[in-house]
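The next block holds one structure in the form of structure tokens; read it before the comments.
The values are calculated or read from the model by the stated rules, or taken from the named source; none is laboratory data. Please read all numbers here as calculations on a predicted model, not as lab measurements. Cβ atoms come from the backbone with ideal geometry, glycine included; neighbour counts cover every protein chain shown. Calculation scope for accessible area: heavy atoms of the full protein, side chains included, ligands and nucleic acids excluded. Shrake-Rupley method; radii C 1.70, N 1.55, O 1.52, S 1.80 Å.
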Amino acid sequence: MSVSSPPAPSARLTARERRTRFWQMVQLMPIMAILVLLFGGALVLAILQSLGFAPWFGVNTFPDFSYFGALWGSSTFWASLGLTLYYATVSTVLALILGILLALALVKTFPSKTFYKYLYKLPLMIPYTVGIALAVLMLSNGGMLSRLAAFFGMIDDPSQFPQILKTHYGWGIIAVYVWKQTPFITLAVYAVLLGIGRETEEAAAILGASRRTIFFRVTLPQILPGVVSSTLICFAFNVGAFEAPFILGGGFPDTLPVVAWRYFNDADYTLQLQGMATVVSIGLVAGVILFGYLAAYRRYERRMGRN
């Protein structure tokens with residue numbers, strides 16, 4: 001009489017893992033359903049409206065690409081797109097540089113380090129609208145900096161202070177983005193630095209590598225995951241941000257989010273379809289750029305032998 005052997009432990013473990021994953025998926029289903037309905041439904045509705053499907057407005061010419069044609073055929077759209085990408089790119093790069101420098105400084109030991117570790121996170125708890133208000137109070141021609149310059153005799157009157165806000169150079173917009181996003185990037189990079197330790201940097205220094213070589217050959221490749229994830233989030237936000245360009249921008253031509261807002265608030269409600277075409281265009285442009293960014297990063301990771 002043959003006795004059947006018990007199943008292998010690995011088989012029992014695999015079955016247990018499958019049951020665990022199944023229950024995890026079941027537990028996540030409610031929140032996933034909400035996300036799919038809210039985000040996916042809004043995305044589908046935006047695409048349909050941008051293609052002429054809006055029967056509640058008495059418009060149903062689906063599929064109609066004329067809204068995209070009118071938008072992309074306008075020179076104003078490309079000027080607005082250029083401003084949008086300019087503000088998003090410059091502010092992200094500046095915040096990245098400052099964030100890396102601050103994270104590298106926080107890794108070292110110095111007096112009052114605990115205090116500064118809490119201080120740099122302060123902008124994360126302050127809304128963007130407060131930062132915009134601070135920019136107006138500090139940087140406008142009647143603001144604090146202009147009055148201080150007049151007080152110290154650098155200019156005769158606060159009105160002579162160089163105009164920083166309400167210009168297409170976007171110094172005020174960039175300043176608000178950098179002020180808010182530098183702590184975010186610092187936090188991401190600092191967390192990676194704490195995880196990798198300083199052993200490789202010390203080994204490179206012992207072997208005679210310069211500080212510049214250590215940063216670009218040792219430190220930077222190790223902190224790239226934090227750099228990529230944080231800059232991706234910041235850039236995506238900056239492309240779609242509305243408040244700072246609307247309040248601090250130089251007016252016509254506006255950034256694309258402001259252009260979309262003006263369409264949505266026009267007395268002619270059928271222009272909302274043009275606004276939806278603008279919103280979808282923002283998503284397409286941001287999606288293509290971010291996809292290329294991630295693809296380049298993944299190519300670099302494969303070249304470095306990290307999958």
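Hey, any idea what % of the chain's accessible area is carbon plus sulfur with a 1.4 Å probe? The C+S portion of the solvent-accessible surface of the chain is 70 percent. Percent relative contact order of region 7-128, based on C-alpha pairs within less than 8 angstrom and at least six residues apart? Computed value for region 7-128: 9 percent relative contact order. Under the convention that each Lys and Arg Cβ holds +1 and each Asp and Glu Cβ holds -1, the size of the dipole of the chain around its Cα centre is about 1560 debye.
Given an 8 Å cut-off on Cα distances and at least 6 residues of separation, report the relative contact order of the chain as a percent. Reported as a whole number, the value is 24 percent. If you take the Cα centroid of region 125-145 and the Cα centroid of region 58-116, the two points sit 20 Å apart. One chain, two ends: Leu134 and Trp56. Fully extended at 0.36 nm per residue, the span grows by 23.9 nm beyond their Cα-Cα distance. Once the Cβ-Cβ distance of Leu48 and Ala267 is raised to the sixth power relative to R0 = 25 Å, the FRET efficiency obtained is 0.60.
With the cut-off at under 17 Å, measuring from each backbone N in region 172-206 to a point 7 Å along the Cα-to-Cβ line of Glu301 picks out 189, 192-193, 196. For Lys121, the lysines whose Cα comes closer than 24 Å to its Cα, not counting residues fewer than 8 places off in the same chain, are Lys108, Lys113, Lys180.
Annotation for region 231-303 versus region 33-55: alpha-carbon center distance of 17 Å.
Between amide H atoms placed 1.01 Å from N, distances below 5 Å from Val59 occur with Ala54, all of them 5 or more places distant or on a separate chain.
Taking every alpha-carbon pair in region 131-261 and binning the separations at 10 Å intervals from zero gives 12, 27, 23, 20, 16, 3 percent. Gyration tensor analysis over the Cα atoms of region 204-307 returns equivalent ellipsoid semi-axes of 42, 16, 8 Å (largest first, whole Å). Estimated at 0.36 nm per residue, the fully extended path between Trp78 and Leu37 surpasses their Cα-Cα distance by 11.5 nm. Dividing the summed -39500 (n - 2.57) terms of all DSSP H runs of n ≥ 4 by the residue count of the chain sets its mean residue ellipticity at 222 nm at -22500 deg cm²/dmol. Sparsely packed loop sites in region 118-178 (the chymotrypsin sites (Phe, Trp or Tyr not before Pro) outside DSSP H, G, I, E and B with at most 12 other Cβ atoms within 10 Å) comprise Phe152. Over all Cα atoms in region 75-303, the spread is summed up by Rg and Dmax: 20.9, 70 Å. Within the chain, helices built from complete DSSP H runs that reach 24 Å or longer along their own axis (Cα positions) and carry a mean Kyte-Doolittle hydropathy of 1.6 or higher are 75-107. Using a probe of 1.4 angstrom and keeping all protein chains present, the accessible surface of region 75-303 works out to 54 square angstrom per residue.
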